[in-house]
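This is the structure, below, for whatever I ask next.
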Amino acid sequence: NNPDDKIWWLNNPEVKGEWVFSFDKKTEFNMFRDYPHALTSEQKKIFDEENTKEIFKDIKNSGYSVDTLVLNAANLGIRQQFFDVSIDDFMNVINTNIGWNFMLSREAAIQMKENGGGSIVFVNSNTAYRAIPDRIAYSASKSGALGMMRALALDLGKYNIRVNAVLPGMIKTDR
């Protein structure tokens, strides 16, 4: 099986960044490009447990195993003013930034545990410690993701699975 034969692109403007898998310490795949199972509304929802399991089953059936998972994607929840944001928009940010990362971490950790260890890296944000105006869901989700990373580090360490986070600060862009 040649994973390069599978090329798909993310078509969800609310999610920025990438989830990247490293297989057998030799090959790196971008999940959005190589595993489209849950990427567009025309296909399936991003926050879907069965799709997440299907992605990892596909990885395993392709002869690979996950030894590194870098979680570097987020719904930024831009312009979500507290008095105006709907619960659906709020929960979409939470589900993407916490729920989806939980499901990816769990499925990756199952394979890592079977293989004697691995590493999960959350690319979080210093928003986990400080708030940004009109970004209530994003701020809450980054704090939650940092707490989840800490709990996973404690729970998975005994299986030789390292869990860490990087918290970059603000980066000036045209936006």
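The values are calculated or read from the model by the stated rules, or taken from the named source; none is laboratory data. Treat the numbers as computed from the prediction; the structure is a model and nothing was measured. Every residue, glycine as well, gets a Cβ built from its backbone with ideal geometry; the counts of neighbours run over all protein chains shown. Heads up: the accessible areas ignore ligands, DNA and RNA and are worked out on the full protein's heavy atoms, side chains in. Shrake-Rupley method; radii C 1.70, N 1.55, O 1.52, S 1.80 Å.
Please determine whether any residue of the stretch 146-165 is at pLDDT below 95, out of contact with any Leu (no Cβ under 8 Å at 6 or more places or on another chain) and buried (at least 19 other Cβ atoms within 10 Å of the Cβ).
Taking every residue of the stretch 146-165 in turn, none turns out to be at pLDDT below 95, out of contact with any Leu (no Cβ under 8 Å at 6 or more places or on another chain) and buried (at least 19 other Cβ atoms within 10 Å of the Cβ).
Could you tell me which residue of the stretch 71-90 is modelled with the lowest pLDDT, considering only residues that are under 18 Å from the mean Cα position of the chain (by Cα) and open to solvent by less than 40 Å² (accessible area, probe 1.4 Å)?
ALA73
If you don't mind, there's one more thing I want to ask. Go through the stretch 99-124 and give me each residue that's assigned to a helix (DSSP H, G or I) and open to solvent by less than 40 Å² (accessible area, probe 1.4 Å).
GLY99, TRP100, ASN101, MET103, LEU104, SER105, GLU107, ALA108, ALA109, GLN111, MET112
Let me ask something else about it. Could you identify the single residue in ILE161, ILE98, ILE136 that is of a type outside the set (Ser, Thr, Tyr), without any contact (Cβ under 8 Å) to a residue 60 or more places away in the chain, under 23 Å from GLU50 (Cα atoms) and touching a Gly at 6+ places or on another chain (Cβ under 8 Å)?
From the options ILE161, ILE98, ILE136, the qualifying one is ILE98.
Still on this model: Which residues, taken from the stretch 23-70, are within 14 Å of GLY118 (Cβ to Cβ), assigned to a helix (DSSP H, G or I) and modelled with pLDDT under 85?
Within the stretch 23-70, just ILE59 meets the criteria.
Taking the condition part of a helix (DSSP H, G or I), small (Gly, Ala, Ser) and closer than 30 Å to SER65 by Cβ, does SER141 pass?
yes
Continuing with the same structure: Picking from THR68, THR127, which residue would you name as being of a type in the set (Ser, Thr, Tyr), crowded, with 17+ Cβ neighbours inside 10 Å, within 17 Å of the chain's Cα centre (by Cα) and closer than 22 Å to ILE55 by Cα?
Result: THR68 is the single residue among THR68, THR127 that is of a type in the set (Ser, Thr, Tyr), crowded, with 17+ Cβ neighbours inside 10 Å, within 17 Å of the chain's Cα centre (by Cα) and closer than 22 Å to ILE55 by Cα.
So, of the residues in the stretch 150-175 that are within 17 Å of the chain's Cα centre (by Cα) and not hydrophobic (A, V, I, L, M, F, W, C), which turns out to be nearest to THR127 (Cα to Cα)?
PRO168
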